[in-house]
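The values are calculated or read from the model by the stated rules, or taken from the named source; none is laboratory data. Being a predicted model, the structure only gives us computed values, none of them experimental. Heads up, the Cβs are rebuilt from the backbone with ideal geometry, glycines too, and the neighbour counts pull from every protein chain shown. Surface areas here come from the heavy atoms of the whole protein model, side chains and all, with no ligands, DNA or RNA. Shrake-Rupley method; radii C 1.70, N 1.55, O 1.52, S 1.80 Å.
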Amino acid sequence: MNDNQETQNALSSPDKILQAATLLFAHDDFNSVSIKQIAAASGVNSALISYYFGGKKNLYQEVLYAEADKFLKLQDEIRSHSESPLQKLRRYVDSIAEMQLARPYNIHLIYRELLSPQPMFENYVKNKLYRIHQFMSDLVNDAIACGEIVTAIKPTHVAFTLEGIIMFFFLTKGQIRQIGNFDLRAETDYLLEALDSYLVSLSPK
């Protein structure tokens, strides 16, 4: 038995369902994933999905909220550091990169909801995703306030640019690796260099 199998066996039924559903929803949209697929991937009876989560819609919501909460917990951890705003911003971006390396397809969940949100999850975009964006916008604003960044661009727009670089990179990472002929993990160095180049362009001359 390998480590992954041992880890899977150690999970409770709700955790097995949530883990399997996260991977399936990351690869396909809400309507394309069936209860039967989730049950098969998690190795549990399909009736348990309704028992623990009340159906596919509630399970999907749980998946989205769990993914967003990873970012919110990371933000709390970044806030605890006694660093300058720009240092916190770089730490945040670096930590996001590590998160996505560990779970490379999960950013598709967030991106899909931004592009075509399910009607019943509009509050998810307005609540959780707004808070994720606002944290980076606040860091940019603080960096401007203390003179680490000098720009006439609105802080929220600077944050959008940074988020766009990160989002595009991880959505196309497989293609970037081939086109750019990167060594393993070297593409992440490229991401950090690209982000740093943008931040340098906003630094005091």
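For the reader, a short list of remarks on this structure follows.
- L74 under 21 Å from V158 (Cβ atoms), under 12 Å from the mean Cα position of the chain (by Cα) and touching a residue at least 12 places away in the same chain (Cβ under 8 Å): yes
- Of the residues making up the stretch 188-202, those that are acidic (D, E), free of Cβ contacts under 8 Å to residues at least 40 places away in the same chain and surrounded by 12 or more Cβ atoms within 10 Å (Cβ to Cβ) number 1.
A quick yes/no check of all residues on (1) among the charged types (D, E, K, R); (2) at pLDDT 80 or above:
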{"site": "E113", "(1), (2)": "yes, no"}
{"site": "P117", "(1), (2)": "no, no"}
{"site": "K128", "(1), (2)": "yes, no"}
{"site": "H133", "(1), (2)": "no, yes"}
{"site": "I144", "(1), (2)": "no, yes"}
{"site": "F169", "(1), (2)": "no, no"}
{"site": "T172", "(1), (2)": "no, no"}
{"site": "E187", "(1), (2)": "yes, no"}
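- Restricting the stretch 92-102 to residues that are touching a residue at least 24 places away in the same chain (Cβ under 8 Å) and of a type outside the set (S, T, Y), the residue that is surrounded by the most Cβ atoms within 10 Å (Cβ to Cβ) is I96.
- Of the helices (runs of 4 or more DSSP H) contained entirely in the stretch 1-91, those carrying at least 1 residues that are more than 30 Å from M136 (Cβ to Cβ) and either open to solvent by 60 Å² or more (accessible area, probe 1.4 Å) or modelled with pLDDT of 95 or more (or both) fall at 3-10, 13-27, 35-42, 47-53.
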